[in-house]
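Note sheet for the following structure.
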Amino acid sequence: MLAFIIVMVVLCFGCLYRAWRGPTIPDRMVAIDILAILVVGICGLLAIETGRAFLIDIALAWIFLGFIGTLCLAKYL
């Protein structure tokens, strides 16, 4: 389980790089959306690993905010 978390953290750094160096705004938007999905996955894995239910609540709030942010940016573009 720890290996999955490490891989997801490495992928988060890849998404941060793409969000920072993205040539266009849609590339940055997709990178930030994927970053939100990876953070939710990390929260889910940590919730399973530690048995703490509040991490699922954090993951749900994060995915709702990510979805709303993606909708707002898509409307802006």
Charge dipole (debye, nearest 20) of the chain; +1 at Cβ of Lys and Arg, -1 at Cβ of Asp and Glu: 220 debye
If you stretched the chain out fully between Y17 and L2, how much longer would it get, using 0.36 nm times the residue separation minus the C-alpha to C-alpha distance? 3.1 nm
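How much net charge surrounds C12 when only other residues with a Cβ under 13 Å from its Cβ are counted (Lys, Arg +1; Asp, Glu -1)? Write down the numbers at each step before the final one.
Details: positive: R18; negative: D33.
Local charge sum for C12: 0.
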Once T50 and I25 are pulled to full extension, the length gained, defined as 0.36 nm per residue separation minus their Cα-Cα distance, is 5.3 nm
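Sorted by accessible area (1.4 Å probe), largest first, how do M8, M1 line up? If you can, show how the numbers build up before the last one.
Values: M8 35, M1 90 Å².
In descending accessible area the options line up as M1, M8.
Ignoring any ligand, DNA or RNA, what whole percent of the accessible area of the chain comes from carbon and sulfur when the probe is 1.4 angstrom?
Values: 4340 of 5600 Å².
Roughly 77 percent, rounded to a whole number.
The values are calculated or read from the model by the stated rules, or taken from the named source; none is laboratory data. All values reported here derive from a predicted model rather than from experimental measurement. Note that each Cβ is placed from the backbone with ideal geometry, even for glycine, and that neighbours are counted across all protein chains shown. What goes into the accessible areas is simple: the full protein's heavy atoms, side chains included, and nothing from ligands, DNA or RNA. Shrake-Rupley method; radii C 1.70, N 1.55, O 1.52, S 1.80 Å.
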